[in-house]
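The values are calculated or read from the model by the stated rules, or taken from the named source; none is laboratory data. What you see is a predicted model, and the numbers here were worked out from it, not measured in a lab. Neighbour counts run over all protein chains shown; Cβ positions are idealised from the backbone, glycine included.
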Amino acid sequence: MERSYVIVGDGVAGASAAEALRETDTDASITVLTDEGEPLYNRILIKEFAKGKLPAGPISIHDEAWYDERAIELRLNTLVTAIDQRSQTVTAHTGEEFGYDRLLLAIGGTPSQLPVPHSDARGIHHFWTFQDARAIKADIEAADDSVVIGAGLLGIDLAAITAAQEVRGHYLMRGNRWWRYALSEDGAEIIHTALRERDVTPVFGSGVDHFEVDDADRVTAAIDPNGDRFPADFVGIAIGLNFNTEIVEQTDLEVDDGIVVDAYMRTSDPNIFAAGDVTQFDDLVLGSQAQNGAWGSARQQGVIAAKNMAEYGSEAFEWVSSYSITHFDFPFLSFGHPTLGDDTAEARYSETEWRRVAFRDGRIVGGVLIGDLSPQSKFKQLMRDKRVVADQRDVLMQETFDLEDLDLEQTIPE
């Protein structure tokens, strides 16, 4: 009999799953439900659009015809509000029901809100969707002063957008440096210097107590907990992501800071799978449960989920993710889980070249490269092979090295 697949979410995880399902099961019924008003677009490139570096056209990946050509039913502006495991149906906000044999939840997250007065004023933005990017671009092009809050990867995107649009800004951070869980002060200072050169001033030990607004409810300034006032007619907030797990709260699916899945992307319900940001997955490389919101990781999870929805046990998810930013005159790349580990090694080679690797139980679990990205493939290979190399950090921190320079006999026991 024809099998029915329903995918909730049309980000890269959901769309990749739909494509892989159609290639795997040519006769199946495939339905994709998304609460967004447009098909899949490149989330990596929307920051370049907001910076004024790219037109909108190249950012769209699929149009509706792409789904039609593959006999995939796409429902835009469709919010799924309930899952009934017994009847194997999902219900949309319209009341319409969709039956499934296998269900994929690729539902991602929603930006965390800043719980301070006037945080919903005009001119205050979160950065997650293409729609967000359009609103940001329109506002930043007319702005004189900006404030960015959030010392992570999305925060640096917002700071870079203000710099690219030549809007002076202040970047407020709670700690003493940008991305303090992954970078030392030495590495972070490379980023701080690049920001200052672009008229974006990092402010440490800061944050927002409240916003000031005018009579039209438009933001005019951010007031930090120290009482310092930062003028702003544009504000960008990136303080984290709340996973969209509301629709599984009334189910018996296991949830723990995301939907828990195994290495095959299957949840505690054998007919329900999950992929992308929302998953707490069995990371075979790390050797424990993990989360990862990188584009490549989400895409691969969607493909793996599809294969196992068609035939469970077909292929496990084993992936070393990476994330790059291209805002400055030097490249920046993180790989694996750079904020985890019980030990680190780092080295600086020039004003804009720096490297840090995180270890757990002697093996590499992630790292950050600034300036020279050429060692990334070697580090990723060592991660995949689970080699114990922390005792050879002198080799790993050489500006150039070969895997043959290492003693690779040691591995973590399975």
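Being in contact with a strand residue (DSSP E or B) (Cβ under 7 Å, 6 or more places away or on another chain), surrounded by 14 or more Cβ atoms within 10 Å (Cβ to Cβ) and in a loop (DSSP other than H, G, I, E, B) narrows it down to one residue among VAL116, VAL90; which is it?
VAL116
Looking at ILE136, ILE107 in this structure, which one is modelled with pLDDT of 95 or more, part of a loop (DSSP other than H, G, I, E, B), within 24 Å of the chain's Cα centre (by Cα) and within 28 Å of ALA294 (Cβ to Cβ)?
ILE107
Among GLU19, GLU2, which is the only one that is in contact with a Lys or Arg (Cβ under 8 Å, 6 or more places away or on another chain), touching a residue at least 24 places away in the same chain (Cβ under 8 Å) and among the acidic types (Asp, Glu)?
Unique residue meeting the criteria: GLU19.
For the range 336-355, check the following and say yes or no: at least one residue is under 30 Å from GLU23 (Cα atoms), modelled with pLDDT of 95 or more and not assigned by TED's automatic domain parsing to the domain that holds GLU185.
Yes, that holds for at least one residue.
Would you confirm, using the coordinates I've provided, whether THR26 is on the phi < 0 side of the Ramachandran plot, modelled with pLDDT under 95 and of a type in the set (Val, Ile, Thr)?
Yes.
Name the residues in the range 93-113 that are under 21 Å from ASN242 (Cβ atoms) and surrounded by 17 or more Cβ atoms within 10 Å (Cβ to Cβ), would you? Explain how you work it out, then say what you get.
Keep residues of the range 93-113 that are under 21 Å from ASN242 (Cβ atoms), which gives 93, 104-113.
LEU104, LEU105, ALA106, ILE107, GLY108, GLY109, PRO111 - these are the residues of the range 93-113 that are under 21 Å from ASN242 (Cβ atoms) and surrounded by 17 or more Cβ atoms within 10 Å (Cβ to Cβ).
Being farther than 28 Å from LEU45 by Cβ, surrounded by fewer than 21 Cβ atoms within 10 Å (Cβ to Cβ) and of a type outside the set (Phe, Trp, Tyr) is the requirement here; does ASP342 meet it?
yes
In this structure, does GLN410 turn out to be surrounded by fewer than 17 Cβ atoms within 10 Å (Cβ to Cβ) and at pLDDT below 95?
So GLN410 passes the test.
On the basis of being under 19 Å from the mean Cα position of the chain (by Cα) and either aromatic (Phe, Trp, Tyr) or within 24 Å of GLU141 (Cα to Cα) (or both), does LEU45 make the cut?
Yes: the conditions hold for LEU45.
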